[in-house]
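To keep things clear, I will list the structure first and then write my remarks on it.
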Amino acid sequence: MSTEQEQSAVAETASPPAPGRSALLPAGVRWRSAGILIPFVALFVALSIGSAPFFSTTNLLNIVDQQASTLVIAVAGTFVLISGGIDLSVGATYGLASVVFAELAASGWDPAFAILGAVVAGALVGVVNGVVSTVFRINSLIATLAMSFVVAGLASLVTSGNLVLISNQGASQISTAQFLGVNMSTWVMLAVVVALGFLLARTTYGRYVYAAGGNAEAARFAGVRVNLVRVIAFSLSGAAAALGGVLDSARVLSGNSTNNTTLTFTVVAGIVVGGTSILGGEGAVWRTVVGVLLIALIGNGYGLLSLNPLYEQITLGAIMILAVGVDAWSRQVRG
């Protein structure tokens, strides 16, 4: 098969629908593509009306800044889900990177090299996840869950379960320095979102990611190295989880090895709520961003309106079930 034929086959296998093709899709599928915007806008308007402090520059910037790490991790995790896998080790990788960054910075390393060391450590965890789940054909859910225990154990072993304090105030600049009145952590998040959004939507690798998750066998026949595509996706996820850990550690000038299972749930929930299929082949970075921010608005709204936080957990669980249900329904419509 020629190179042009391979690229054509891959594009037809599972590339995201072009605007001109949207009219050919079932109404339910088209609605699902942009449907996340409806509850997001509705909730945003409701909170703006119901709580005066909500629609303030300070509060809105705080929401985005607080979600910077989650957004960085979630947009990279989108690659993993679209390619047909799932990464449950992001919370542990986040903790490991936090420790690596803090240990290196506390040892006198230049903050830039400490950041690089932590991100490389996270990327290596991602590569191992990718190799185990592809070469050894172990389900990625089980592989990454097991890896989360291994990574969390290593991080705790290094620190003996204690916080690692950073005395170098310069290490906080990646999170707390401001540009145009906005924290640097937000600018870092925006850079990652734009870069990964472009990579997924506008590059050959992005088309291969959709192909790997949409129909792996067809992609292989078209010449796509599916295993390599998935390994790269896992490495991006690991590196992003590490960067998220660095951003939060720099903010508080300390490293913590705690396995953040809540973070893992929030990341996966944000991706799925945003419309990325848990079965692979569908999704977009912008939808993940909206999904994560929707969850953030729910939490912010419960706080501003002084509602019982226990109901927040119920709300998030119900939304996630609904999102998975819509995914299953849309696949039945196409089937």
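The values are calculated or read from the model by the stated rules, or taken from the named source; none is laboratory data. On a predicted model such as this, the values are computed, not experimentally measured, just so you know. Cβ placement follows ideal geometry from the backbone for every residue including glycine, while neighbour counts extend to all protein chains displayed. Keep in mind that these areas ignore ligands, DNA and RNA; they rest on the heavy atoms of the full protein, side chains included. Shrake-Rupley method; radii C 1.70, N 1.55, O 1.52, S 1.80 Å.
Going through (1) more than 30 Å from Asn168 (Cα to Cα); (2) over 11 Å from the mean Cα position of the chain (by Cα) one by one, Ser235 falls short only on (1).
Of the residues that sit in segment 115-167 and are among the polar types (S, T, N, Q) and surrounded by 15 or more Cβ atoms within 10 Å (Cβ to Cβ), which one is farthest from Leu104 (Cα to Cα)? Checked segment 115-167; the qualifying residue farthest from Leu104 (Cα to Cα) is Thr134.
Only one of the listed residues (Thr186, Thr204) is in contact (Cβ under 8 Å) with a residue 12 or more places away in the chain, surrounded by fewer than 19 Cβ atoms within 10 Å (Cβ to Cβ) and in contact with a helix residue (DSSP H, G or I) (Cβ under 9 Å, 6 or more places away or on another chain). That residue is Thr204. If the condition is being of a type in the set (S, T, N, Q) and surrounded by fewer than 19 Cβ atoms within 10 Å (Cβ to Cβ), then segment 295-323 contributes Ser306, Asn308, Gln313, Thr315. Out of all the residues in segment 214-236, is one or more touching an Asp or Glu at 6+ places or on another chain (Cβ under 6 Å) and at pLDDT below 95? Checked segment 214-236: at least one residue is touching an Asp or Glu at 6+ places or on another chain (Cβ under 6 Å) and at pLDDT below 95.
State the number of residues belonging to segment 216-232 that are of a type in the set (Asp, Glu) and either open to solvent by less than 20 Å² (accessible area, probe 1.4 Å) or farther than 14 Å from Thr134 by Cα (or both). Total satisfying the criteria: 0.
Among the residues making up segment 269-294, those that are open to solvent by 20 Å² or more (accessible area, probe 1.4 Å) and closer than 21 Å to Gly91 by Cβ are Ile278, Val289, Leu293. Taking first residues from segment 228-254 that are under 25 Å from Tyr210 (Cβ atoms) and partners that are among the hydroxyl-bearing types (Ser, Thr, Tyr) and open to solvent by 30 Å² or more (accessible area, probe 1.4 Å), the Cβ contacts under 8 Å between residues at least 6 apart in sequence or on separate chains come to Val229/Tyr205; Val229/Tyr208; Ile232/Tyr205; Ala241/Tyr94; Gly244/Tyr94. Comparison of Ala146, Ala118, Ala112 shows that the only residue that is touching a residue at least 40 places away in the same chain (Cβ under 8 Å) and assigned to a helix (DSSP H, G or I) is Ala118.
Screening segment 17-95 for helices (runs of 4 or more DSSP H) wholly inside it with 3 or more residues that are at pLDDT 85 or above returns the ranges 37-50, 57-66, 68-82.
Of all the numbered requirements in (1) within 15 Å of the chain's Cα centre (by Cα); (2) over 18 Å from Ser175 (Cβ atoms); (3) of a type outside the set (Ser, Thr, Tyr), Gly108 misses one, and that requirement is (1). Restricting Gly299, Gly291, Gly280 to residues that are assigned to a helix (DSSP H, G or I) and over 13 Å from the mean Cα position of the chain (by Cα) narrows the list to Gly299. Residues in segment 237-262 that are of a type in the set (A, V, I, L, M) and surrounded by fewer than 24 Cβ atoms within 10 Å (Cβ to Cβ): Val252, Leu253.
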